[in-house]
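The values are calculated or read from the model by the stated rules, or taken from the named source; none is laboratory data. Quick caveat, the model's predicted, so the values are computed rather than measured. Heads up, the Cβs are rebuilt from the backbone with ideal geometry, glycines too, and the neighbour counts pull from every protein chain shown. Only protein heavy atoms, including side chains, enter the accessible area calculation; ligands, DNA and RNA are left aside. Shrake-Rupley method; radii C 1.70, N 1.55, O 1.52, S 1.80 Å.
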Amino acid sequence: MRTLAISLLSLAIAATCHAGDAVGIFARAKAASGGAHWDGVRSWHSDGTVVTGGLNGSFDSIIDLRSGRSEGAFKLGPVEGADGFDGTHAWSRDPGGEVAALDAPEAVRRARSQAWLDAHAYWFPQRIGATYGEVTSRVLDGKRYDVVVATPQGGDSLTLWFANDSSLLARVEQKEGPNTNTTVFDDYRPVGGLRVPFHFVTDSTDAAGRTDPRERTDIHFAHVALNVAVTDADFAMPKMVATARIDDPSGSTTIPFDLVNNHIYVDGRIDGKPARLLVDTGGVNLLTPTAAKKFGIVGEGKLAGGGVGDQKVDLALGHAQEVRVGNAVLAKPVFYILDLGALAQVEGVEADGLVGYEMFRRFGVEIDYARHRLVLTDPAKFAPPAGATAIPFKLSDRIPIVTGSLDGLPMQISIDTGSRASITLHAPFVKANNLVAKYHAAPEAVMGWGVGGPSRGRPARFGTLQLGDVRIDGIAGDLYMGNKGAFADPDLSGNLGGGVLRRFDVAFDYAKSTMYLAPNPEWAGKPDAFDRSGLWLLGDGDAFKVVDVASDSAALKAGLQLNDRVVSIGGEAIGKRSLAEWRERLRTTPVGTHVAIRFMRDGTEQAADLVLADRIAAVAQP
């Protein structure tokens, strides 16, 4: 939801940002939109209406044009939120009331570019400096434009289009992760001697050039006021309202969890009814449509939700009265409602949804993987695990980002308890550093499954991952090669998941922006095992359905094919063990072991001899 909040505020702010190319284009744009009247404009207040994702709402924003500081709030359907820039840091207040500074490098760059636009620094370069590309002339839909790329000091590049016939700003393009956001301006009206666009629309375009109507935001100004009084307090990050508590005098609660495919599952309650929830630093409070109906939560809107898969899915928003995990309670939580697709078949277990950022932001969190227990603590009483190494993190969107290195390559790494993998390297990082060749990566195969479907990657074994003073050797991970989904984001190098995190007692103190890692004795000296079968299996009633067979793998050599339904492994009916337990056996059973597979194909039961083999090198080969 932070992304939505930012887009609303950014649009409300950017509507008067007549950035251009060189001095001549700037001068013409300024003259066409008010000329010297802009010299006396110090601040700006606007309000109006917004439509996005099937939801109607309103916004209200204020800008200090002298510095680019800003603050904006929105109400959209059943939710409301806010964000701002205090001159140094961007911040957000999520619909659930969680407040955080957005201080990851990419968040800082985006905030500085927006501040440059808000300060009208293309007319007033003394406010914020920038560099400019060469002016180009382009034709779009029969109209000609002067186009320039501007790179504000400390910010991301912006592409600005000025209409030849009016000299007014017509559109602004900016990269955000793997996508490009384009805002189109029209309906210019007079305000205090200025000409201001009162209507603007933003679309997000993916790497394949596609837009999704669920991601379109349509804004209309209702009122604009110039030179309103502003103070530092108008732009300061607000305090977080206390809507969370621990119902225990100790200020702490301990919840047992099940570890399934490196995922953390806990029992909780939503509005007094039992709920099975996955704990995910990379996610938000979320319910499936079936679970929302069970809990009586009505979703509104039709936004676009995405994850590691290629596809976007419908997303709605709804309120509950409370969510409880152990004795930790969040009051009036907002839930995102979307279909998790084949998650139950992928995991082999059912879940109603997940709890994520909102819990981590409100409490001190310890995940004791060795003892399978989750500890939530009042932040004022939180203490890190004994012997833990402190690793600072920053926030991008809601996700903690740490600085590290992989075999000497500097990295920005997202921390994601909701990922089953050890580490997934993002495609731009892989390509920029020629990592397929460096690590002799195996052929592409399905490596994970999440919102939007399967994620494919090229498995490999790496040398040394360094996180602060913590060294982790011999990780088996994967290299993502696609251009869609979360792993196509060029702002991050990789995503660290449960395969590595389970080696530690992991704790998070969001109030101090610090993660703690204490070695888990259960994993000391153990290698990071990787699948030796080449099969990706989904639960399918009384069988496992084969949905991927890796190239040059044991499964391919055994003759297994897509859509085969495996009914027994090693002479045991698949119902004897969970899907997670079978996956563990196919990872850890020694190379060369013959595993009898019986499967159904075209209504006939058949047999295969699966000879387990390593798909990646036993040691890193950098």
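Tabulated values for the structure
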{"quantity": "Residue check, Ala383 assigned to a loop (DSSP other than H, G, I, E, B) and either free of Cβ contacts under 8 Å to residues at least 60 places away in the same chain or hydroxyl-bearing (Ser, Thr, Tyr) (or both)", "calculated": "yes"}
{"quantity": "Residue match in the range 347-357 (condition: touching a helix residue (DSSP H, G or I) at 6+ places or on another chain (Cβ under 6 Å), farther than 21 Å from Ala518 by Cβ, open to solvent by 10 Å² or more (accessible area, probe 1.4 Å) and part of a strand (DSSP E or B))", "calculated": "no"}
{"quantity": "Residue count for the range 246-272, restricted to those that are part of a strand (DSSP E or B) and not hydroxyl-bearing (Ser, Thr, Tyr)", "calculated": "13"}
{"quantity": "Criterion (under 27 Å from Lys394 (Cα atoms), aliphatic (A, V, I, L, M) and open to solvent by 40 Å² or more (accessible area, probe 1.4 Å)) met by exactly one of Val266, Val241", "calculated": "Val241"}
{"quantity": "Residue check, Thr424 touching a residue at least 24 places away in the same chain (Cβ under 8 Å) and under 23 Å from Trp523 (Cα atoms)", "calculated": "yes"}
{"quantity": "Every residue from the range 350-376 that is more than 24 Å from Thr288 (Cα to Cα) and basic (Lys, Arg)", "calculated": "Arg371, Arg373"}
{"quantity": "Scope the range 44-58; condition open to solvent by 10 Å² or more (accessible area, probe 1.4 Å) and either in a loop (DSSP other than H, G, I, E, B) or within 21 Å of Ala236 (Cβ to Cβ) (or both); matching residues", "calculated": "His45, Asp47, Gly54"}
{"quantity": "Residue ID - farthest from Pro400 (Cα to Cα), chosen from residues in the range 530-559 that are open to solvent by 40 Å² or more (accessible area, probe 1.4 Å) and assigned to a loop (DSSP other than H, G, I, E, B)", "calculated": "Asp542"}
{"quantity": "Residues (touching a helix residue (DSSP H, G or I) at 6+ places or on another chain (Cβ under 8 Å) and not in a helix (DSSP H, G or I)) located in the range 571-594", "calculated": "Arg577"}
{"quantity": "Scope the range 210-255; condition closer than 20 Å to Asp83 by Cα, β-branched (Val, Ile, Thr) and touching a Ser or Thr at 6+ places or on another chain (Cβ under 7 Å); matching residues", "calculated": "Thr217, Val224, Val228, Val230"}
{"quantity": "Search result, residues across the range 125-165 that are in a loop (DSSP other than H, G, I, E, B) and free of Cβ contacts under 8 Å to residues at least 12 places away in the same chain", "calculated": "Pro125, Gln126, Asp141, Gly142"}
{"quantity": "Per-region count, the range 216-232, residues open to solvent by 40 Å² or more (accessible area, probe 1.4 Å), within 23 Å of Arg69 (Cα to Cα) and under 30 Å from the mean Cα position of the chain (by Cα)", "calculated": "1"}
{"quantity": "Hits in the range 171-195 (condition: farther than 28 Å from Val108 by Cβ, open to solvent by less than 40 Å² (accessible area, probe 1.4 Å) and out of contact with any His (no Cβ under 7 Å at 6 or more places or on another chain))", "calculated": "Val191"}
{"quantity": "Only one of Gly20, Gly24, Gly35, Gly77 that is on the phi > 0 side of the Ramachandran plot and either touching a helix residue (DSSP H, G or I) at 6+ places or on another chain (Cβ under 8 Å) or at pLDDT below 95 (or both)", "calculated": "Gly77"}
{"quantity": "Residues located in the range 443-452, provided they are small (Gly, Ala, Ser) and either over 15 Å from Lys484 (Cβ atoms) or open to solvent by 30 Å² or more (accessible area, probe 1.4 Å) (or both)", "calculated": "Ala445"}
{"quantity": "Filter result for Asp86 (within 25 Å of the chain's Cα centre (by Cα), farther than 30 Å from Lys302 by Cα and open to solvent by 30 Å² or more (accessible area, probe 1.4 Å))", "calculated": "yes"}
{"quantity": "When residues of the range 453-466 are limited to those that are surrounded by 21 or more Cβ atoms within 10 Å (Cβ to Cβ) and of a type in the set (Gly, Ala, Ser), the one nearest to Ala351 (Cα to Cα)", "calculated": "Ser455"}
{"quantity": "Residue in the range 457-480 that is closer than 24 Å to Arg210 by Cβ and touching a residue at least 60 places away in the same chain (Cβ under 8 Å) present", "calculated": "no"}
{"quantity": "Test result for Gly72, more than 27 Å from Lys175 (Cβ to Cβ), in contact (Cβ under 8 Å) with a residue 24 or more places away in the chain, touching a helix residue (DSSP H, G or I) at 6+ places or on another chain (Cβ under 7 Å) and of a type outside the set (Asp, Glu)", "calculated": "no"}
{"quantity": "Residue match in the range 131-149 (condition: in contact with a Ser or Thr (Cβ under 8 Å, 6 or more places away or on another chain), open to solvent by less than 10 Å² (accessible area, probe 1.4 Å), modelled with pLDDT under 95 and more than 22 Å from Gln412 (Cβ to Cβ))", "calculated": "yes"}
{"quantity": "Scan of the range 423-438 for residues that are open to solvent by 10 Å² or more (accessible area, probe 1.4 Å) and touching a strand residue (DSSP E or B) at 6+ places or on another chain (Cβ under 7 Å), ordered by number", "calculated": "Phe429, Asn433, Val436"}
{"quantity": "Candidate set from the range 196-215 (those that are open to solvent by less than 40 Å² (accessible area, probe 1.4 Å) and of a type in the set (D, E, K, R)); member that is modelled with the highest pLDDT", "calculated": "Asp203"}
{"quantity": "Complete set of residues in the range 253-293 that are over 25 Å from the mean Cα position of the chain (by Cα) and either among the hydrophobic types (A, V, I, L, M, F, W, C) or at pLDDT below 95 (or both)", "calculated": "Ile255"}
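Rundown of residues vs (1) touching a residue at least 60 places away in the same chain (Cβ under 8 Å); (2) open to solvent by 10 Å² or more (accessible area, probe 1.4 Å); (3) of a type in the set (Phe, Trp, Tyr), yes/no style:
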site	(1), (2), (3)
Phe235	yes, no, yes
Gly272	no, yes, no
Leu286	yes, yes, no
Pro289	no, yes, no
Lys293	no, yes, no
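For (1) more than 30 Å from Ser250 (Cβ to Cβ); (2) touching a Pro at 6+ places or on another chain (Cβ under 8 Å); (3) crowded, with 20+ Cβ neighbours inside 10 Å, each residue gets a yes or a no:
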| site | (1), (2), (3) |
| --- | --- |
| Tyr369 | no, no, yes |
| His372 | no, yes, no |
| Thr377 | no, no, yes |
| Lys381 | no, no, no |
| Ala390 | no, yes, no |
| Asp397 | yes, no, yes |
| Ser405 | yes, no, no |
| Gly408 | yes, no, no |
| Ser414 | yes, yes, yes |
